[in-house]
1. Do we have any residue at all in the range 14-36 that's among the polar types (S, T, N, Q), in contact with a helix residue (DSSP H, G or I) (Cβ under 7 Å, 6 or more places away or on another chain) and buried (at least 22 other Cβ atoms within 10 Å of the Cβ)?
2. I'm trying to understand the selection: among the residues of the range 51-68, which are surrounded by 17 or more Cβ atoms within 10 Å (Cβ to Cβ), of a type outside the set (A, V, I, L, M) and more than 7 Å from Y36 (Cα to Cα)?
3. Out of the residues in the range 1-18 that are of a type in the set (S, T, Y) and not in a helix (DSSP H, G or I), which is nearest to the chain's Cα centre (by Cα)?
4. Name the residues in the range 77-112 that are closer than 19 Å to A25 by Cα and over 15 Å from the mean Cα position of the chain (by Cα), would you?
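Just so you know, all these numbers are worked out from the coordinates, no wet-lab data involved. Remember, it's a predicted structure, so these values are computed and weren't measured experimentally. When we count neighbours, we look across all protein chains shown, and the Cβ atoms used for this are built from the backbone with ideal geometry, even at glycine.
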Amino acid sequence: MSNKLYLAYGSNLNLEQMANRCPTAKVVGASKIKGYRLLFRGSHAGAVATIEPFKGESVPVLVWDITPADEAALDRYEGWPFLYRKETIKVRLNGKTVQAMVYIMNEGRPLGQPSCYYYSTILDGYKSAGFDVEILRKAVADSFEEDNE
């Protein structure tokens, strides 16, 4: 089994967390998933990040090079295949189009708010990667508003 590229958009943007979970994973660059938006879904007070198709928006991602052992650790963490499924999508990386794996939450979970701890884990990742934290704030707001319609 060879290494593969993995797109992180949530708590796995956090370098410290990934170093603990997937010690052999390496960041190979940053990119964005176009035509998607970031949202939080799951339980009421402990919603977690997912991405969903949405015209005109994009989600910043870190691109990781992961080994099969890293992927097995991620599968456990992400609750695959029950909570998340895996999809392969194309992104631009260092001027080339590449195929990479991403976890996307299975349908049917309600919108909700992330815990403070989970949010701050992602926020740290956004800051260290130099991503626009406004995207993260908007995801929280979008996951809140629709909850109350």
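1. yes
2. P60, W64, T67
3. Looking at the filtered set, the residue picked out is Y9.
4. Across the range 77-112, the qualifying residues are L93, N94, V98, Q99.
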